[in-house]
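S.K.: Sharing a structure with you now.
Nothing in this text is a laboratory measurement; each read-out follows from the coordinates by a stated rule. The shown structure was predicted, so the numbers you read here are calculated from the model rather than taken from an experiment. We place every Cβ from the backbone using ideal geometry, glycine too, and count neighbours over all the protein chains shown.
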Amino acid sequence: MHEADQGHGHTHGYSEHKEELLKRLRRAEGQVRGIHRMIEEDVYCIDVLTQVTAATKALERVALGLLDDHLSHCVAEAAAEGGEVSAEKLREASQAIARLVR
C-alpha cells in the first residue's frame, strides 16, 4: 500500500460495500473452519475438496468486489487526475487482475 493510501482521511472504494464484503468474509471464514473440522473428523477427501472449492469461490467473489470498487473509485479518480498517479493506479489494477487469474 502506498503512503498516500494509508492516510486516515482517505476513503477507499469499497467503503460503500464494506458490510457486504465483511458478510462474505465471515461466510468464507466459516467455510474454512468447517474444512478444518472436516479434516479433524477424517471426512472423505472429495467432500473436503468440494468445501475448499466453495471457500475459494467465496474469497474470489470478495476479491472481484474489491477490484470492481477499486476500478470504479480509485482508478477512475486517478484517470481524471492524469499523469503518473493515473499510470500507477492502472499498473496496480493490472497487476491485481494478473494475480487473480493465475
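S.K.: Do the sum for the chain: with -39,500 (n - 2.57) for every DSSP H run of n ≥ 4, divided by all residues, what is the mean residue ellipticity at 222 nm, to the nearest 500 deg cm²/dmol?
M.R.: -24500 deg cm²/dmol
S.K.: What is the fewest-to-most order of Leu67, Leu100 by other Cβ atoms lying within 10 Å of their Cβ? If you can, show how the numbers build up before the last one.
M.R.: Details: Leu67 17, Leu100 12.
Going from least to most buried by this count: Leu100, Leu67.
S.K.: In addition: With an 8 Å Cα cut-off and a minimum separation of 6 or more residues, compute the relative contact order for the chain in percent.
M.R.: Value for the chain: 30 percent.
S.K.: In nm, give the distance between the simple-model label positions of Val101 and Lys23, each being 7 Å from the Cα along the Cα-to-Cβ direction.
M.R.: So the label points at Val101 and Lys23 sit 3.0 nm apart.
S.K.: What is the ratio of the Cα radius of gyration of the chain to 2.2 N^0.38 Å, where N is its residue count, to two decimals?
M.R.: 1.37
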